[in-house]
1. Could you run through region 47-82 and say how many residues are surrounded by fewer than 14 Cβ atoms within 10 Å (Cβ to Cβ) and among the aliphatic types (A, V, I, L, M)?
2. How many residues does region 1-37 contain that are in a helix (DSSP H, G or I) and either within 18 Å of residue 91 (Cα to Cα) or at pLDDT below 75 (or both)?
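The values are calculated or read from the model by the stated rules, or taken from the named source; none is laboratory data. The structure displayed is predicted, hence computed values, not measured ones. With ideal geometry, Cβ positions are generated from the backbone for all residues, glycine too; neighbour counts draw on all protein chains shown.
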Amino acid sequence: MNISTEPHKLARRNDPTTSVRAALRVDEFSHTICAKIYQELKKNGDGTYEQLANRLALRPDQLCRRLPDLQKAGLAEPTEKTATGQAGRSQRIWRAL
């Protein structure tokens with residue numbers, strides 16, 4: 001899976017070494033999450049970011065950040081359908097390509 005993201009500059013010069021190491025691994029983690037989302041969409045079908053988060057045991061905010069990455073890579077897209085989320089707001093339903 002080839003998903004390109006912009007380089008991250010998440011650590012400052014005076015941050016602890018552990019923060020610097022974590023910042024260097026952000027892209028690695030985002031690619032892993034993207035792969036899980038894509039596999040879930042292919043295997044178990046369409047879903048909103050909340051539905052996918054529940055199915056994958058991830059936080060909804062992790063999905064919100066990664067679904068557009070999958071769309072840019074041509075691996076997923078929002079459908080014309082929506083569903084109501086837990087907060088009562090309309091959410092797009094995503095599918096794998």
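1. Matching residues across region 47-82 total 1.
2. We begin by selecting, within region 1-37, every residue in a helix (DSSP H, G or I); these are 17-24, 26-37.
The next check asks that each one be either within 18 Å of residue 91 (Cα to Cα) or at pLDDT below 75 (or both); those that pass are 18-24, 26-31, 37.
Here the count works out to 14.
Conditions tested, residue by residue: (1) farther than 14 Å from residue 35 by Cα; (2) in a helix (DSSP H, G or I); (3) in contact with a helix residue (DSSP H, G or I) (Cβ under 9 Å, 6 or more places away or on another chain); (4) modelled with pLDDT of 95 or more.
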| site | (1), (2), (3), (4) |
| --- | --- |
| 50 | yes, yes, yes, yes |
| 54 | yes, yes, yes, yes |
| 61 | yes, yes, yes, no |
| 64 | yes, yes, yes, no |
| 70 | no, yes, yes, no |
| 77 | yes, no, yes, yes |
| 83 | yes, no, yes, yes |
| 93 | yes, no, yes, yes |
